[in-house]
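J.: Next up is a structure, given as structure tokens.
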Amino acid sequence: MSTEQNASKMWSGRFREPLDPTFESWQRSFPFDYRLLPQEVAASKAHARAIAAAGILTEPELTTMLEGLDQVLSQTTLTPAVVAEAPEAEDIHHFTELQLTKIIGNLALKLHTGRSRNEQIATNMRLFVREAIDTTLQGLKNWREALLDLAARSEENVMPSYTHLQRAEPVLVAHWLLAYVAMIDRDASRLTDARKRMNLCPLGSGAVAGATLALDRTIASRALGFDAPTPNSMDATSDRDFALDFTQAVATLGIHISRFAEELTLYSTAEFGFLDLPERFSTGSSAMPQKKNPDLTELIRGKSGRLIGASTTLAVLIKGLPLAYNKDLQEGQEPVFDAADTIAGILSVLPDFTSSLRFRYDCMQAAAETGYLNAMAAATYLSNKGVPFRKAHEIIGNAVRHALETHRELNDLTLDELQTFSEAFAKDFFKAITLEATLDCHDVIGGTARTRVAEALTAARAKGGTA
Ligand code: ARG
């Protein structure tokens, strides 16, 4: 005889002793899996259709059950407070069954025929991740558009590019922004790829070895918009690759966003002076009246750490698990939720923030015109005159040294001075090292020549979307 306390559980029959109350509340997943109610209801409706087709439910019973499940969803608003008041529910599966029983009575107890919570949680999580991928892709699309607009608005304005955080060569501002579009396109392809791979339905896998009813698994799969049923019940009930794929893809996306955030944080300093932070997205200091702080970009940089954390938590959680389901997997839900919430939050502010950026093109251009950023173009000039590049590099190095010592730029040197370093210098040298020429000599696919960047912008726009 089971105890009164255990009687409300989904597994009371075999037990004689009540659960330790502290253990009982500690092991519940309802405090966090309550947010899977829409997925739980959808998966339960799909399962109800499958067992009806197998003859477990009559047509009227199926109708009652489907309507009952809809009511569970429409009548329940799950908040942490509501969850706290439902201590009898162990998890979202248990809660839904209890609610359904209140609405349609004992018929509800037939719903669990031929299924297990192991396949249910695997299904719910797939549905959750699939939606999170779609939301993330939409957010990415918005950010991509904001970057493209910003790139178009920047016209032919220039800035220094950096290697080792030392000024390297001038680039178009648009070229720099398009670097992030290239990252976004890889992020989107990773997410789209993950979505395709995960779109299989675990329902019918049972607890581990497959359903004990001759279910037509394609019924539930189709009802939930999956492409097909999963091919192996042991894998399906313990696989969380889809969650790993999602959190890892989002961690990589977070790394990209964090680099963007870091660059803007840096560029907004007085030392760089490349942009004015939009006031709408900045905060002041309670102590120092003059401050305008880049909280948005700093928070994004910080939150990207959480994304990496979520993917690491999942990887470590799964790596030691023998097949098939283990309760450890319950711990895999929160990192997925956190990653989905964190990236959704970031992408809710990032596109508008990006659109409102205003660059100080004059400061960017001044920085691009000082510090010998045309030295490589200068060496290329000599190599075009037949000087071997290694030699040309050396000659320009000497010219730079001379210019440094006399506090000038390369274009301030006279032809006579230049010719003391090499006979190959001629009058046309000065035309070859203007800002425009320095940009345009990078005339390759993916280079910063003005025509190439215009083409790249058009191609990125034409490609559209993020998939
Ligand atoms: N709350 C559980 C989880 O998230 C549901 C599956 C429970 N299965 C079991 N065999 N105890 O993993």
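The values are calculated or read from the model by the stated rules, or taken from the named source; none is laboratory data. Keep in mind it's a predicted model, so treat the numbers as computed, not measured. As a convention, Cβ positions derive from the backbone with ideal geometry for all residues, glycine included, and neighbour counts pool all protein chains shown.
Here is a yes/no grid of residues against (1) modelled with pLDDT of 95 or more; (2) under 15 Å from the mean Cα position of the chain (by Cα); (3) crowded, with 19+ Cβ neighbours inside 10 Å; (4) of a type in the set (Phe, Trp, Tyr):
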{"site": "Lys141", "(1), (2), (3), (4)": "yes, yes, no, no"}
{"site": "Glu145", "(1), (2), (3), (4)": "yes, no, no, no"}
{"site": "Ser154", "(1), (2), (3), (4)": "yes, no, yes, no"}
{"site": "Pro160", "(1), (2), (3), (4)": "yes, no, yes, no"}
{"site": "Arg167", "(1), (2), (3), (4)": "yes, no, no, no"}
{"site": "Val171", "(1), (2), (3), (4)": "yes, no, yes, no"}
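J.: Further question on the same structure: Take segment 32-65 and flag every residue that is buried (at least 17 other Cβ atoms within 10 Å of the Cβ) and without any contact (Cβ under 8 Å) to a residue 60 or more places away in the chain.
T.: Correct list: Leu37, Val41, Ala52, Leu57, Leu62, Thr64, Met65.
J.: Continuing with this model, one more query. Tell me which helices (runs of 4 or more DSSP H) are completely within segment 46-163 and hold 1 or more residues being of a type in the set (A, V, I, L, M, F, W, C) and either within 16 Å of the ligand (Cβ to nearest atom) or closer than 30 Å to Met364 by Cβ (or both), or say none if there are none. Can you show your working first?
T.: Numbers: elements: 59-75, 80-84, 92-104, 117-153.
Counting at least 1 such residues, we get 80-84, 92-104, 117-153.
J.: Restricting to segment 326-339, give me the number of residues that are over 23 Å from the mean Cα position of the chain (by Cα) and farther than 18 Å from Phe30 by Cβ.
T.: First, pick out the residues of segment 326-339 that are over 23 Å from the mean Cα position of the chain (by Cα): 326-328.
Checking the rest, the ones that are also farther than 18 Å from Phe30 by Cβ come to 326.
Here the count works out to 1.
J.: Can you run down the residue pairs with Cβ atoms below 8 Å, 6 or more apart or on separate chains, where the first is in segment 310-326 and of a type in the set (Phe, Trp, Tyr) and the partner is crowded, with 19+ Cβ neighbours inside 10 Å?
T.: Tyr325/Asn118; Tyr325/Thr237; Tyr325/Ser238
J.: Could you count how many residues in segment 260-286 are in contact (Cβ under 8 Å) with a residue 60 or more places away in the chain, farther than 21 Å from Asp341 by Cβ and out of contact with any Cys (no Cβ under 8 Å at 6 or more places or on another chain)?
T.: First, the residues of segment 260-286 that are in contact (Cβ under 8 Å) with a residue 60 or more places away in the chain: 260, 264, 272-276, 278, 280-281.
Narrowing the set further to residues that are farther than 21 Å from Asp341 by Cβ leaves 264, 272-276, 278, 280.
Now drop any that are not out of contact with any Cys (no Cβ under 8 Å at 6 or more places or on another chain), which leaves 264, 275-276, 278, 280.
Total satisfying the criteria: 5.
J.: List the pairs whose first member sits in segment 115-129 and is touching a residue at least 60 places away in the same chain (Cβ under 8 Å), whose second member is more than 8 Å from the ligand (Cβ to nearest atom) and aromatic (Phe, Trp, Tyr), and whose Cβ atoms are under 6 Å apart, counting only residues at least 6 apart or on separate chains?
T.: Listed by first residue and then by second, the contacts come to Arg126/Phe242; Val129/Phe242; Val129/Phe246.
J.: Here's another thing I want to ask about it. Mind checking whether some residue in segment 363-384 is under 28 Å from the mean Cα position of the chain (by Cα) and either buried (at least 18 other Cβ atoms within 10 Å of the Cβ) or of a type outside the set (Gly, Ala, Ser) (or both)? Reasoning before the result, please.
T.: Going residue by residue through segment 363-384, those that are under 28 Å from the mean Cα position of the chain (by Cα) are none.
No, segment 363-384 has no match at all.
J.: In this structure, does Arg144 turn out to be within 22 Å of Ala236 (Cβ to Cβ) and among the charged types (D, E, K, R)? Walk me through it before giving the result.
T.: Details: within 22 Å of Ala236 (Cβ to Cβ): no; among the charged types (D, E, K, R): yes.
Considered against the rule, which asks whether it is within 22 Å of Ala236 (Cβ to Cβ) and among the charged types (D, E, K, R), Arg144 comes out as no.
J.: Please pick out the residue among Leu307, Leu317 that is within 12 Å of the ligand (Cβ to nearest atom) and assigned to a helix (DSSP H, G or I).
T.: Details: Leu307 fails: within 12 Å of the ligand (Cβ to nearest atom).
From the options Leu307, Leu317, the qualifying one is Leu317.
J.: Quickly run through segment 196-240 and pick out the residues that are within 21 Å of Gly332 (Cβ to Cβ), in a helix (DSSP H, G or I) and under 25 Å from the mean Cα position of the chain (by Cα).
T.: Initially, segment 196-240 is screened for residues within 21 Å of Gly332 (Cβ to Cβ), giving 197-203, 205-208, 224, 226, 230, 232-240.
After this cut, where a residue has to be in a helix (DSSP H, G or I) as well, the list is 197-198, 233-238.
Scanning segment 196-240 gives Arg197, Met198, Ala236, Ser238.
J.: Let me ask something else. Of the conditions (1) in a loop (DSSP other than H, G, I, E, B); (2) touching a helix residue (DSSP H, G or I) at 6+ places or on another chain (Cβ under 6 Å), Lys291 satisfies every one except a single condition; which number is it?
T.: It is condition (2) that Lys291 fails.
J.: If you scan segment 244-293, which residues turn out to be buried (at least 21 other Cβ atoms within 10 Å of the Cβ) and modelled with pLDDT under 95?
T.: Leu277
J.: Working only within segment 431-463, note down all residues that are within 27 Å of the chain's Cα centre (by Cα), modelled with pLDDT of 95 or more and exposed (fewer than 14 other Cβ atoms within 10 Å of the Cβ).
T.: Gly446, Thr458, Ala459, Ala462
J.: Output the residues belonging to segment 201-234 that are within 22 Å of Leu314 (Cα to Cα) and within 16 Å of the ligand (Cβ to nearest atom).
T.: Passing the criteria: Pro202, Ala207, Val208, Ser233, Met234.
J.: Which pairs have Cβ atoms under 8 Å, sit 6 or more apart or on different chains, and link a residue in segment 148-163 that is over 25 Å from Ala375 (Cβ atoms) to one that is among the β-branched types (Val, Ile, Thr) and buried (at least 16 other Cβ atoms within 10 Å of the Cβ)?
T.: Note: pairs meeting the criteria are Leu148/Val181; Leu150/Thr354; Ala151/Val173; Ala151/Val181.
J.: Being touching a strand residue (DSSP E or B) at 6+ places or on another chain (Cβ under 8 Å) and not in a helix (DSSP H, G or I) narrows it down to one of Thr448, Thr438, so name that one.
T.: Result of the check over Thr448, Thr438: Thr448.
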